[in-house]
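The values are calculated or read from the model by the stated rules, or taken from the named source; none is laboratory data. This structure is a prediction, so every number in the text was calculated from the model and none was measured. Please note: Cβ atoms are built from the backbone with ideal geometry, for glycine as well, and neighbour counts cover all protein chains shown.
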Amino acid sequence: MSELTHLERLEAESIHIIREVAAECRNPVLLYSIGKDSQVMLYLARKAFYPARLPFPIMHVDTLWNFHEMITFRDQLVKDWDLDLIVHVNEEGAAQGINPFTHGSAVFTDIMNLGALKQGLDKHGFDAAFGGGRRDEEKSRAKERVFSFRTPEHRWDPKNQRPELWRLYNARKHKGESIRAFPLSNWTEMDIWQYIYRENIPIVPLYYAKERPVVWRDGVMLLVDDDRMPLEPGETPEMRHVRFRTLGDYPLTGGTASTAATLPAIIEEMMLATTSEREGRVIDKDHGASMERKKQEGYY
Amino acid sequence: MAADSQPSTVIEFLDEQAEKSLLRFITCGSVDDGKSTLIGRLLYDSKLIFEDQLDTLRADSKTSGTQGGDIDFALLLDGLEAEREQGITIDVAYRFFATDKRRFIVADTPGHEQYTRNMATGASTAELAVLLVDARNGVLQQTRRHAFLCSLLGVRHLVLAVNKMDLVDYDHDRFRAIEAEFAEFARGLGYDAPISIPISALKGDNVLNPSPEMTWYRGPTLMGHLEQVEPRADLSERAFRLPVQWVNRPDHTFRGFAGTVTRGTIRPGDPIAVLPSGKTSTVARIVTMDGDLDRAVPGQAVTLTLADEIDISRGDILCRPEERPGVADQFEAKLVWMDDKSLMPQRPYLMKIGGISAGVQVTRIKHTVNVNTLEKRAARHLDLNEVGVVTLKLDRAIPFDPYMDDRHTGGFVIIDRLTNNTVGAGMIDFSLRRSSNIHWQAIDVNKEAHAQQKNQVPRMLWFTGLSGSGKSTIANLVEKKLFALGKHTYMLDGDNVRHGLNQDLGFTAEDRVENIRRVAEVGKLMVEAGLIVLVSFISPFRAERRLARDLLEDGEFIEVFIDTPVDVCAERDPKGLYKKARAGEIKNFTGIDSPYEVPEVPELHIETNDLDAEAAADKIVAYLLDH
């Protein structure tokens, strides 16, 4: 049979996009969040250039509040896959002790994530950054291009997007402008899981259910990942079978009660799910256009 | 993964999923034909909407819905804030859903009048088009336009979805009339067996399930058709093409050529040719991270290694030696213009096709096509959302295929050099002059060859007029305008000639003649090199100007008389020369104590009392382009 399956076509499209950025941009970087989407993106990038090493570095914007297991996983992966890793921390923010508990999720994310991302991109002079965004994630993403342009201030102008026809991506940019490239644009969450399964791609163990110490706050189940987490009066961590559908900063990422400890079990659970994955993210809980606004400000 | 401990149903499901194919289609129709509702219905019926999204949708339907508080599926589709307020989709949105048989990517494109460019974008990756019409209105002008545009972009499979059948009482005759009217129009558009399906997106009739209201309809449901159609069936039977995207050279032991197979298949051991160089070799390996393949098929992103070390770079096309693409630098193509600034013939743009970026000019607009009536019309420029048939000239020869044979080796975008925007999308029909890169024809590099290479008619523009008349100012403007049009020019004036070539000459009568003779001779050489030469000299005597004219061939010498009254010149006196002449400090000054012989029949007579420098320059450039 010569007809490719849908996963094979998505894979080929992503590889094409990744090669195109490498061919047309001077200094690209792959933004690696350690989550499953950027894991798939990184895996595809290795496929694109095999047997060569990645011709660009990967950058992790470390908020200092990521789950610990994410960092352990990252460091092992860098060794196993022979990657050039840049870890960027907003040192000013860190020195001021910016954290999600005392400063709130909005301020914290703005400084330690968004602010740090811009800083990291500027510091290394990257003219293109791969992001793992998918169009099925959220309404405004559905209309974003694969090559999305940012002003020197990292702002996105949704009214000024270039048409993208066929497999042709116009990568010409003005001085100071940069590109965010989204090779996973046409993937859905289900595709990502199916692909991880098919290709046996390693992912952070937090995606699998396990007994972990958690507390309930505002209807969200949070992992007590270290002793920086201030416990409220009367609050004691309890051991629950829990897993995480998205990963990020442990104080901002709600877990799901689950016993799904294998990939097929996760996928089965997902098929029965009645809520979308972003629900676990504390920062998305305002109205529909919030992501678009954040993106215009330079948030991914 | 500990997959073996799982219930076999999930594993079976995953294995089934792995075999699913993908269909990319586009939906189009007029503003109120119900596209967004249809896609919302497809998402909803294939259970792609989560509870929380449904909650949001219910809430949104109450506040901004158009269905009186009922679920407004269209709201699922509108994305950007501004659009939501306007209640209209103004861009291409991509949506995803799956059934047990297939994964789908839908490009939702607007029916709004001015957004032809978005439709072209959505259609460029679509394998099939679902064209919606409102059963009450039938085939509208926009229906025709969308059918035409999809055909233009090479979409071969078309479904006419006659929507809102519930509002015409599921009337069979109404459906038949629309079907017949459309078939009549679509006949010339080259679709492979277009089919018509009566549906109601709102009620769900014939979308996923056969409609109990339309038992007279015996064809497939819309989804049934989308699941079955095989638009890519013949791709692997066609001539193999791999446009090289990336040369993979980790070290001296490995040299691979990476790219996506656009069509055809190839195996290790197969002979291969590289275009445009024409060099040949055989495929050694098809390398992927999953191991070497024994065959590469359409759509696959692979890396080939060859048996011989030959020079290959990004933009080259790998093919079978007996099935080579053309190589040319001039084409006839269809062009969809996508920018507010109109396309100007002769203006230099960039073209991106495959991995190639080349300089390009539109040499001629043969005609535009009225997308509503398909009528052809002559035009001097191409405006936003217009479609034209044009001829193009590139700054080098490239490998290509006609678009109808291969979207990826025949489709290109035009990029504005200044704004960097993608301003046009084009589809190559054929090359105008086959230039074989494999065996360059021995040609005489004569004046014609020089001129042809520069895509211009070489000329000598001879600006004559009093000192201070504005010759140099206007000549400078003319040169800038020509340069911006991509013309190759050079300016000869008193300053750059007097300081070098003519530094031995003074201002005696003999020296002045010799000055003019040398300038004319140098200018003639430049004309032979294919340039447009601008000469700006007072040159007061007819005989001198005649001397220059006689050196050139008929039509090459263009005398431009910059006619400014002497008192105006003297008043301007930019170099203070009139003052000195009047004071007797300079002798033989033209207009003061030496005559200026007015040209009798100049090609261009510019009276600066009537025209400012800018307008004068425009007039001269227009003359050049017209002659």
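Looking at the range B:165-181, can you tell me whether even one residue there is crowded, with 20+ Cβ neighbours inside 10 Å, in the same structural domain as B:Leu38 (by TED's automatic domain parsing) and within 16 Å of B:Cys28 (Cα to Cα)?
no
Please work out which one of (1) surrounded by fewer than 19 Cβ atoms within 10 Å (Cβ to Cβ); (2) in contact with an Asp or Glu (Cβ under 8 Å, 6 or more places away or on another chain); (3) more than 9 Å from chain B (Cβ to nearest Cβ) is the condition A:Ile58 fails and give its number.
Tallying (1) surrounded by fewer than 19 Cβ atoms within 10 Å (Cβ to Cβ); (2) in contact with an Asp or Glu (Cβ under 8 Å, 6 or more places away or on another chain); (3) more than 9 Å from chain B (Cβ to nearest Cβ), A:Ile58 fails exactly one: (1).
Could you tell me how many of the residues in the range B:181-210 are in contact with a helix residue (DSSP H, G or I) (Cβ under 9 Å, 6 or more places away or on another chain) and not in a helix (DSSP H, G or I)?
Of the residues in that region, 19 qualify.
Restricting to the range A:180-189, and then to whatever is away from chain B (no Cβ under 11 Å) and among the hydrophobic types (A, V, I, L, M, F, W, C), can you tell me which residue is surrounded by the fewest Cβ atoms within 10 Å (Cβ to Cβ)?
A:Phe182
Quick test for you: out of A:Arg167, A:Arg150, pick the one residue that is touching a His at 6+ places or on another chain (Cβ under 7 Å) and either of a type in the set (D, E, K, R) or facing another protein chain (nearest Cβ under 8 Å) (or both).
A:Arg167
Can you name the residue in the range A:1-28 that is farther than 13 Å from A:Met41 by Cβ, in a helix (DSSP H, G or I) and more than 7 Å from chain B (Cβ to nearest Cβ) and is also nearest to the chain's Cα centre (by Cα) among such residues? Spell out how you get there, then give the answer.
Initial filter on the range A:1-28 (farther than 13 Å from A:Met41 by Cβ): A:1-9, A:12, A:16, A:19-20, A:22-27.
If we keep only those that are in a helix (DSSP H, G or I) too, we end up with A:6-9, A:12, A:16, A:19-20, A:22-24.
This time we only want the ones that are more than 7 Å from chain B (Cβ to nearest Cβ), so: A:8, A:24.
Values: A:Glu8: 22, A:Glu24: 24 Å.
Out of the qualifying residues, it is A:Glu8.
For A:Arg228, indicate whether it is closer than 29 Å to A:Val78 by Cα, crowded, with 20+ Cβ neighbours inside 10 Å and at pLDDT 85 or above. Give the steps one after another, and end with the answer.
Details: closer than 29 Å to A:Val78 by Cα: yes; crowded, with 20+ Cβ neighbours inside 10 Å: no; at pLDDT 85 or above: yes.
Answer is no for this residue.
I'm trying to understand the selection: among the residues of the range B:213-261, which are within 30 Å of the chain's Cα centre (by Cα), in contact (Cβ under 8 Å) with a residue 12 or more places away in the chain and assigned to a loop (DSSP other than H, G, I, E, B)?
B:Pro231, B:Arg232, B:Arg238, B:Ala239, B:Phe240, B:Val244, B:Gln245, B:Val261
Identify all residues within the range B:551-597 that are more than 19 Å from B:Pro540 (Cα to Cα), touching a Lys or Arg at 6+ places or on another chain (Cβ under 7 Å) and among the aliphatic types (A, V, I, L, M); write none if there are none.
B:Leu552
Can you pull out the residues in the range B:552-575 that are touching a strand residue (DSSP E or B) at 6+ places or on another chain (Cβ under 7 Å) and either assigned to a helix (DSSP H, G or I) or of a type in the set (D, E, K, R) (or both)?
Taking the range B:552-575 and keeping what is touching a strand residue (DSSP E or B) at 6+ places or on another chain (Cβ under 7 Å), we get B:552, B:556-563.
Correct list: B:Glu556, B:Glu559, B:Asp563.
Just to check your reading of the model, which residue among A:Glu269, A:Glu297, A:Glu292 is surrounded by fewer than 19 Cβ atoms within 10 Å (Cβ to Cβ), farther than 30 Å from B:Asp15 by Cβ and either within 14 Å of another protein chain (Cβ to nearest Cβ) or modelled with pLDDT of 50 or more (or both)?
After applying the criteria, what remains is A:Glu297.
So A:Asp82 fits all but one of (1) on the phi < 0 side of the Ramachandran plot; (2) assigned to a loop (DSSP other than H, G, I, E, B); what number is the exception?
(1)
Per-residue answers, yes or no, for (1) of a type in the set (Phe, Trp, Tyr); (2) buried (at least 18 other Cβ atoms within 10 Å of the Cβ); (3) within 30 Å of B:Gln300 (Cα to Cα):
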| site | (1), (2), (3) |
| --- | --- |
| A:Glu8 | no, yes, yes |
| A:Ile15 | no, yes, yes |
| A:Asn27 | no, no, yes |
| A:Leu30 | no, yes, yes |
| A:Leu54 | no, yes, yes |
| A:Asp62 | no, yes, no |
| A:Phe73 | yes, yes, no |
| A:Lys79 | no, no, yes |
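Could you list, in sequence order, the residues of the range B:499-513 that are under 17 Å from B:Thr464 (Cα atoms) and of a type in the set (D, E, K, R)?
Filtering the range B:499-513 for residues under 17 Å from B:Thr464 (Cα atoms) gives B:512-513.
Result: B:Arg512, single match.
Cβ-Cβ below 8 Å, separation at least six or inter-chain, first residue in the range B:462-491 and not assigned by TED's automatic domain parsing to the domain that holds B:Ile620, second of a type in the set (D, E, K, R) and in a loop (DSSP other than H, G, I, E, B): which pairs?
none
Counting just the residues of the range B:262-287 that are part of a loop (DSSP other than H, G, I, E, B) and surrounded by 19 or more Cβ atoms within 10 Å (Cβ to Cβ), which one comes out farthest from the other protein chains (Cβ to nearest Cβ)?
Among those that are part of a loop (DSSP other than H, G, I, E, B) and surrounded by 19 or more Cβ atoms within 10 Å (Cβ to Cβ), it is B:Pro276.
Of the residues that make up the range B:618-627, is at least one free of Cβ contacts under 8 Å to residues at least 40 places away in the same chain, surrounded by 18 or more Cβ atoms within 10 Å (Cβ to Cβ) and either touching a strand residue (DSSP E or B) at 6+ places or on another chain (Cβ under 8 Å) or farther than 27 Å from B:Tyr490 by Cβ (or both)?
Keep residues of the range B:618-627 that are free of Cβ contacts under 8 Å to residues at least 40 places away in the same chain, which gives B:619, B:622, B:626.
Subset that is surrounded by 18 or more Cβ atoms within 10 Å (Cβ to Cβ): none.
No, every residue in the range B:618-627 fails to be free of Cβ contacts under 8 Å to residues at least 40 places away in the same chain, surrounded by 18 or more Cβ atoms within 10 Å (Cβ to Cβ) and either touching a strand residue (DSSP E or B) at 6+ places or on another chain (Cβ under 8 Å) or farther than 27 Å from B:Tyr490 by Cβ (or both).
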